[in-house]
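All of the numbers you see were taken from the coordinates with simple rules; none came from a lab. Only a predicted model underlies this, so the values are computations on that prediction, with no experimental measurement involved. For neighbour counting, all protein chains shown are included, and Cβ atoms are generated from backbone atoms with ideal geometry for every residue, glycine included.
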Amino acid sequence: MSEFETEEQILARHRKENRDLELYARGSTGTDAPTQENNAEDDDDDELTPEKLLAQLELEKKEEEEKNKPKEQPQHQEQQQQTKGPKRNRQKERLAKRQAALDEQRKEAEKEAELQPDLKGIEDENIKSLCSIAKVKEFDIKPDGNCLFASIADQLKLRQGIEVSIQELRTKSANHIRSDPDTFIPYLFDEETMSLKNIDEYTEKIEKTAAWGSDLEILALAKEYDSPISVMMSGRSTLKIYEEGRNEELKLVYYKHSYALGEHYNSLHDLE
């Protein structure tokens, strides 16, 4: 053997020493020694060739790439996320449906209104025609709940030269009703409750509030001033109240559809 060993000789010697050590260990434990064929295979396995080293490096590289590769979601999950879209705003949808329903109701109401007759227009035309026949004209009274008393006050001043306030007429009518309950109680029947109203409560309301007047107060004031009162109205004959009155007739006109507040009375002046 030469004094200096090459690198291959050193590696071969180390492999042989390792095999000898392994054989010694097996022999000490009673394990059969490997055959010559096995030894030859071990020599081949232990030899680290460039090809084996390159293959080992490639394998380790692939394992590292697989480890770092992000996991892909199943295709159906991606499709669900794409098709799901933004979250639904159910409250906004309910409000939109409610508004659509209200719009539909409004349209239906407008259609029904178009089919209804123009009651205000019909009433106005009828009263104008009646005024022309009777040779009178309408005198506008403020529609504030006091229109009946204001119209009678205007008529008393116009036709009898009597000046009286609305409050005085309210008090006079209330006192007259209280003083003659037998005449006025039948007028106090309430169709809603199917019973008679309390006369004291009713007259107090007429006297102390802006409650609307009615036929009851017209009759009371007609008797109070001993004057017949006529009430012109659309679609009906002129109503005559207390025709036996001896003083000049007081002339009113009644509206049911022409004013926003509802029923209304105006005073009638003679055409000049």
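Some observations on this one:
- Sole exception among (1) surrounded by 18 or more Cβ atoms within 10 Å (Cβ to Cβ); (2) under 23 Å from Ala134 (Cβ atoms); (3) not charged (D, E, K, R) for Ile206, by number: (2)
- Residue tally, condition crowded, with 18+ Cβ neighbours inside 10 Å and basic (Lys, Arg), over the range 146-157: 0
- Boolean, Pro143 is surrounded by 18 or more Cβ atoms within 10 Å (Cβ to Cβ) and either within 46 Å of the chain's Cα centre (by Cα) or over 14 Å from Tyr265 (Cβ atoms) (or both): yes
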